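Peer 1: Got a structure for you, questions after.
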Amino acid sequence: MDTKEVILKKIRAWLLFFIVALILSGITAFPLEMELRWLSGSWPENNSGLYLWLNRCYLAIQETNNKYPFLAYGYDWLAFAHIVIATAFIGPFQDPVRNIWIIQWGRIACILVIPLAFIAGEIRGIPFWWRMIDCSFGIIGIIPLTICYRKIKLLETMMVVSK
């Protein structure tokens, strides 16, 4: 059986992974036009659904940025929001038992990704398979948070028993 110190190290490792992943996924919103240009041009033109979708997105972002560059400010705020949300997980990193509510909140947010992707994606005309990719962020995100939640509950039990 793991000691309290080992469990705490595992919690912190999973949280560090989650924080870094959240920040990285956020900062990719800053250079979106450049990323889409690279993705849509990274393989020969073809008629695959992925190529056509990425190329369509690139052309839309390019045209929008040329005519209305201020709209990209929304992507800046999206990136900033990811970074701010990541900082919330510093609380459980420092004191997991006291701040378990942040883990619970994060798990709820991961679950809410799914209805948002399906509802807003349908309204905005996002292809079904792309909505599934969006859902995967919530599904993947909930895994480390659930591991942390269970380990925090175990740590909490060990702390009560040792008193």
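Peer 1: Which residue out of I90, I111, I85 is of a type in the set (V, I, T) and either at pLDDT below 95 or buried (at least 16 other Cβ atoms within 10 Å of the Cβ) (or both)?
Peer 2: Only one candidate qualifies: I85.
Peer 1: If I ask for residues that are part of a helix (DSSP H, G or I) and either loosely packed, with under 13 Cβ neighbours inside 10 Å or out of contact with any helix residue (DSSP H, G or I) (no Cβ under 7 Å at 6 or more places or on another chain) (or both), which ones from the stretch 53-75 would you list? I'd like the intermediate steps shown before the answer.
Peer 2: First, pick out the residues of the stretch 53-75 that are part of a helix (DSSP H, G or I): 53-67, 69-75.
Selection gives R56, L59, A60, E63, N66, K67, P69, F70, L71, Y73, G74.
Peer 1: Hey, another quick one. List, please: which pairs have Cβ atoms under 7 Å, are six or more places apart or on different chains, and start with a residue in the stretch 18-44 that is touching a residue at least 60 places away in the same chain (Cβ under 8 Å) and end with one that is among the aromatic types (F, W, Y) and surrounded by 18 or more Cβ atoms within 10 Å (Cβ to Cβ)?
Peer 2: Between residues of the stretch 18-44 that are touching a residue at least 60 places away in the same chain (Cβ under 8 Å) and residues that are among the aromatic types (F, W, Y) and surrounded by 18 or more Cβ atoms within 10 Å (Cβ to Cβ), the close pairs are F18/F89; I19/F89.
Peer 1: Let me ask another. Given the residues L154, L78, L116, L50, which is the only one that is over 20 Å from the mean Cα position of the chain (by Cα), closer than 26 Å to P31 by Cα, in a helix (DSSP H, G or I) and among the aliphatic types (A, V, I, L, M)? If you could, list the steps in order and put the result at the bottom.
Peer 2: Numbers: L154 fails: closer than 26 Å to P31 by Cα; L78 fails: over 20 Å from the mean Cα position of the chain (by Cα); L116 fails: over 20 Å from the mean Cα position of the chain (by Cα).
Of L154, L78, L116, L50, the one residue that is over 20 Å from the mean Cα position of the chain (by Cα), closer than 26 Å to P31 by Cα, in a helix (DSSP H, G or I) and among the aliphatic types (A, V, I, L, M) is L50.
Peer 1: I'd like to verify a number: residues in the stretch 119-139 that are under 12 Å from the mean Cα position of the chain (by Cα) and touching a residue at least 24 places away in the same chain (Cβ under 8 Å), how many?
Peer 2: The first filter runs over the stretch 119-139 and keeps only residues under 12 Å from the mean Cα position of the chain (by Cα), leaving 133-139.
Cutting the leftovers down to touching a residue at least 24 places away in the same chain (Cβ under 8 Å) gives us 137-139.
Here the count works out to 3.
Peer 1: Moving on. Kindly indicate whether I100 is crowded, with 18+ Cβ neighbours inside 10 Å and more than 15 Å from the chain's Cα centre (by Cα). Give the derivation first.
Peer 2: Numbers: crowded, with 18+ Cβ neighbours inside 10 Å: yes; more than 15 Å from the chain's Cα centre (by Cα): yes.
Yes; evaluated as a whole, the condition is true for this residue.
The values are calculated or read from the model by the stated rules, or taken from the named source; none is laboratory data. Remember, predicted model here, so these are calculated numbers, not experimental data. All Cβ positions, even for glycine, are placed from backbone atoms using ideal geometry, and neighbour counts span all protein chains on display.
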